[in-house]
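The block underneath contains the structure these notes are about, expressed in structure tokens.
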Amino acid sequence: MRVGIIAFMQESNTFIAGPTTFAHFEQDTLLEGDAVRSRFADAHHEVGGFFAGLAEEHLDAVPIFAARAYPYGIVAADAFDALLARMDAAIERAGPIDGLLVAPHGATVGANHADADGHWLSRLRQRFGRSFPIIGTLDLHANVSPQMVAACDALIAYRTNPHLDQRQRGIDAARLIARTLRGEVKPTMAAAFPPLAVNIERQLSAEPPCKTIYDYADAMLAEPGVLSNSIVLGFPYADVAEMGSSAIVVTDNDFARAEARVTDLQKFWWERREEFAGQFISIDQALAQASKLDGPITLLDMGDNAGGGSPADGTELAHALVRHGQLSPAFVCLYDPDAVKLTAAAGVGTRVRLKVGGKTDDQHGAPLESDFLVKGLFEGKFSESQPRHGGFLNFDQGPTAVVETRSGLTIMLTTRRMVPFSIKQLTSCNLDPAHFRILVAKGVHAPVAAYAPVSKHLIRVDTPGVTSADLSRLTYHHRRQPMFPFERQFV
Ligand SMILES: [Zn+2]
């Protein structure tokens with residue numbers, strides 16, 4: 001038996017003006033055939049789990065296609081069409097297959113297909129027919145649509161945020177397709193879509209309120225006939241009809257039971273919806289709190305959440321740290337390719353006047369102008385061996401400069417937007433996280449796996465931006481109504 005593997009992953013923030021282009025996929029992942037195996041087989045990623053699970057079940061893995069780009073704006077129409085054409089050609093080349101394991105992100109938006117994942121999964125279903133098994137994984141931030149559910153026999157979402165169980169969910173999917181191909185089970189899926197936008201600030205899976213829901217779902221897995229279930233928190237930074245949370249139950253050939261149990265999950269969650277509205281700490285409140293605590297303290301910059309697609313050059317916290325110089329030494333990373341070039345031209349050990357960050361748009365603070373000492377220049381490549389959010393092994397943020405203000409604010413300037421998912425980002429540039437009183441990480445939960453081990457405290461800060469935790473700052477045109485917490489009246 002030969003099982004094909006297809007991954008097409010991107011989290012689209014529709015509040016960002018810039019589109020995700022074909023080049024963005026080329027920069028991260030655009031692979032076919034055995035190159036997919038080389039890249040992912042050892043990764044803490046669901047595609048790595050597909051390979052491991054299929055090997056365990058003595059099924060032939062047929063890597064077909066993998067495309068991934070960092071979270072950013074909507075996928076441009078020409079890029080989306082070109083990726084689908086590549087996927088089709090790769091399927092042709094793969095030869096006959098008996099089933100498919102698929103890895104959509106679940107929150108991809110195409111300029112020509114708002115429900116991008118629903119679209120490409122439905123194309124696969126049309127191509128291979130109703131009786132052909134298609135089983136997929138989903139990011140916990142998927143905005144699941146009825147079309148995605150209709151196209152697949154089973155969808156299995158990550159259960160952790162930060163996402164540390166990606167590989168295990170891939171193994172689950174591989175085991176399930178193996179049992180399906182052997183005729184032992186017939187996965188039958190039902191989904192529910194509570195009109196609930198879970199605030200990003202509430203999305204830490206290891207703590208209530210999320211943990212309460214996951215514990216309830218975990219207990220359900222022990223019931224005979226329940227093959228899988230998922231609690232999908234959703235991605236609120238997409239102004240699309242399917243934005244919001246969802247629950248999924250997969251049973252063995254019993255749709256009525258899948259529907260009944262998913263209704264139970266939805267009801268349990270909905271009754272607790274008030275707990276999923278965000279609680280916000282302003283920049284001033286956060287710095288006042290930090291001034292009373294021992295460092296290192298990681299300030300999580302929720303409005304400039306690089307893993308949620310934001311520019312990663314937001315300066316609001318950098319400006320605040322300059323104003324509160326007593327909190328030095330402090331560390332901030334900013335995407336600023338022009339400043340890297342100027343710094344490189346000046347050379348290590350020189351002083352240079354720079355305006356850094358705040359250049360992508362006017363939603364994330366003004367550029368920070370100061371005299372800086374150039375501390376170091378680096379290649380910007382590093383590797384991560386530990387399971388970390390996203391399952392990335394190798395990072396490349398491009399040429400990187402480390403500069404420092406007279407007041408003790410260290411700024412890392414990168415040539416590419418970089419997500420703060422690995423502490424190697426600092427250590428590979430000779431920076432010891434323990435040296436700092438304050439570390440700024442541009443994210444909400446994704447950086448926690450990397451930053452909690454080096455921090456005494458974590459504070460989530462309600463900064464403005466395209467990933468503002470306070471959703472009332474964003475204007476939606478396409479989301480469902482009514483939806484909690486935007487509306488509070490439900491009939
Ligand atoms: Zn995610």
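Here, each number is a calculation from the coordinates, and none is a lab measurement. As the structure is a prediction and not an experimental result, all values here were calculated from the model. Here Cβ is always computed from backbone atoms with ideal geometry, including for glycine, and neighbour counts include all displayed protein chains.
Collect the residues in the range 438-468 that are under 20 Å from A288 (Cα atoms), in contact with a helix residue (DSSP H, G or I) (Cβ under 7 Å, 6 or more places away or on another chain) and surrounded by 20 or more Cβ atoms within 10 Å (Cβ to Cβ), keeping them in residue-number order. I438, L439, V440, A441, K442, V444, R460, V461, T463 - these are the residues of the range 438-468 that are under 20 Å from A288 (Cα atoms), in contact with a helix residue (DSSP H, G or I) (Cβ under 7 Å, 6 or more places away or on another chain) and surrounded by 20 or more Cβ atoms within 10 Å (Cβ to Cβ).
Rundown of residues vs (1) in contact with a His (Cβ under 6 Å, 6 or more places away or on another chain); (2) among the hydrophobic types (A, V, I, L, M, F, W, C); (3) away from the ligand (no atom under 16 Å from the Cβ), yes/no style:
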{"residue": "T20", "(1), (2), (3)": "no, no, no"}
{"residue": "F25", "(1), (2), (3)": "no, yes, yes"}
{"residue": "D28", "(1), (2), (3)": "no, no, no"}
{"residue": "G33", "(1), (2), (3)": "no, no, yes"}
{"residue": "E57", "(1), (2), (3)": "no, no, yes"}
{"residue": "A67", "(1), (2), (3)": "no, yes, yes"}
{"residue": "Y72", "(1), (2), (3)": "no, no, no"}
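Of all residues in the range 219-244, those satisfying the criterion of being among the hydrophobic types (A, V, I, L, M, F, W, C), away from the ligand (no atom under 15 Å from the Cβ) and either without any contact (Cβ under 8 Å) to a residue 12 or more places away in the chain or within 22 Å of T188 (Cα to Cα) (or both) are A219, M220, L221, A222, V226, L227. Contact map, the range 378-394: residues that are among the aliphatic types (A, V, I, L, M) paired with residues that are within 16 Å of the ligand (Cβ to nearest atom) and not in a strand (DSSP E or B), Cβ distance under 7 Å, separation 6+ or inter-chain. Pairs shown: L393/A43. For the range 282-333, the candidate set comprises residues that are among the polar types (S, T, N, Q) and under 20 Å from V419 (Cα atoms); within that set, the residue that is farthest from the ligand (Cβ to nearest atom) is T315. Among the residues of the range 213-230, none qualifies, meaning not one is under 17 Å from D470 (Cα atoms), surrounded by 17 or more Cβ atoms within 10 Å (Cβ to Cβ) and of a type in the set (G, A, S).
Condition test on A89, is it touching a strand residue (DSSP E or B) at 6+ places or on another chain (Cβ under 9 Å) and more than 16 Å from the ligand (Cβ to nearest atom)? Spelling it out, A89 is indeed touching a strand residue (DSSP E or B) at 6+ places or on another chain (Cβ under 9 Å) and more than 16 Å from the ligand (Cβ to nearest atom).
Screening A469 on (1) more than 16 Å from the ligand (Cβ to nearest atom); (2) of a type outside the set (D, E); (3) within 24 Å of R159 (Cα to Cα); (4) touching a residue at least 24 places away in the same chain (Cβ under 8 Å) shows it passes everything except condition (1).
Determine whether the range 433-443 contains at least one residue that is in a loop (DSSP other than H, G, I, E, B) and within 16 Å of the ligand (Cβ to nearest atom). Yes; the residues of the range 433-443 include at least one that is in a loop (DSSP other than H, G, I, E, B) and within 16 Å of the ligand (Cβ to nearest atom).
Scan the range 366-389 and tell me whether some residue there is assigned to a helix (DSSP H, G or I), touching a His at 6+ places or on another chain (Cβ under 7 Å) and within 16 Å of the ligand (Cβ to nearest atom). The answer is yes, given that some residue of the range 366-389 is assigned to a helix (DSSP H, G or I), touching a His at 6+ places or on another chain (Cβ under 7 Å) and within 16 Å of the ligand (Cβ to nearest atom). Would you confirm whether or not the range 142-162 contains a residue that is away from the ligand (no atom under 16 Å from the Cβ), under 27 Å from H44 (Cβ atoms), free of Cβ contacts under 8 Å to residues at least 60 places away in the same chain and in contact with a Phe, Trp or Tyr (Cβ under 8 Å, 6 or more places away or on another chain)? No: zero hits.
If the condition is being among the aliphatic types (A, V, I, L, M) and outside any helix (DSSP H, G or I), then the range 45-59 contributes only L59.
Scanning the range 421-432 for residues that are assigned to a loop (DSSP other than H, G, I, E, B), more than 16 Å from the ligand (Cβ to nearest atom) and out of contact with any strand residue (DSSP E or B) (no Cβ under 7 Å at 6 or more places or on another chain) gives I423, D432. When R127 is tested against the conditions (1) among the basic types (K, R); (2) more than 23 Å from the chain's Cα centre (by Cα); (3) within 16 Å of the ligand (Cβ to nearest atom), the lone failure is (3). Note on the range 66-97: residues that are under 26 Å from L54 (Cα atoms) and touching a Pro at 6+ places or on another chain (Cβ under 8 Å) amount to 0. Among residues of the range 166-204 being over 23 Å from the mean Cα position of the chain (by Cα) and assigned to a loop (DSSP other than H, G, I, E, B), the one that is nearest to the ligand (Cβ to nearest atom) is V185.
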